[in-house]
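Below: the structure, in structure tokens.
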Amino acid sequence: MLRKTLILLLIFSLASCGSKKRTYSKTRTVTVAGSTEDSTSTRESSKEERKNAKAEAIISTALQFSGTRYKYGGITESGMDCSGLVYVSLKENDIAFPRASYLMAQEGKPVRVAEVEKGDLLFFKTGKTGRRINHVGLVVDVDGKDIKFIHATTSRGVLVSSLREGYWNHAFVKAMRIL
């Protein structure tokens, strides 16, 4: 008899555990404020706009040196080399970067040529031995498959060239995104 009583008490206690009713004197209402635009996409587009503005500022700085004669190690309007052009253009826009092209090539994120954007850097091996990167250019325009970049050449100084040109296409090694 004691055993039956304990079993019944156990059954009643288990049955009553999940069946408690709760009542509230007032109805609770929850509202969620909505917006017309997704805040994540707004942040991303704002970040993209800042990146594009920074790229345009860097390109504008570099283009101011168009026609400057080539000078090995130069970083002024009286003469500059390819890495000096990129170095000064970035520095003028508050971006600290290495001075030599082969060191610049170690910075940033690799980008496929089909995904190159304004502000990306292009790296080349132009030496006869071709052992390490020794030339850099800054992408100033992308029109379909035609990629224009500004750089400093020993023969013509600071100018804009196309990656489609045979010499530069052959010497091209990689593209890096730094912004």
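Coordinate-derived values only; no laboratory data. Remember, it's a predicted structure, so these values are computed and weren't measured experimentally. Virtual Cβ from ideal backbone geometry, glycine too; neighbours counted across all protein chains shown.
The table for this structure:
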| read-out | value |
| --- | --- |
| Segment 131-156 - residue that is within 25 Å of Gly79 (Cα to Cα) and surrounded by fewer than 19 Cβ atoms within 10 Å (Cβ to Cβ) and, of those, nearest to the chain's Cα centre (by Cα) | Asp141 |
| Leading residue by the ranking (surrounded by the fewest Cβ atoms within 10 Å (Cβ to Cβ)) among those in segment 109-130 that are among the aliphatic types (A, V, I, L, M) and touching a residue at least 60 places away in the same chain (Cβ under 8 Å) | Val113 |
| Among the residues listed as Val136, Val158, Val86, the single one being out of contact with any Phe, Trp or Tyr (no Cβ under 6 Å at 6 or more places or on another chain) and of a type in the set (A, V, I, L, M, F, W, C) | Val86 |
| Residues (polar (S, T, N, Q), closer than 15 Å to Leu138 by Cβ and either surrounded by fewer than 19 Cβ atoms within 10 Å (Cβ to Cβ) or within 20 Å of the chain's Cα centre (by Cα) (or both)) located in segment 43-82 | Asn52, Ser60, Thr61, Gln64, Ser66 |
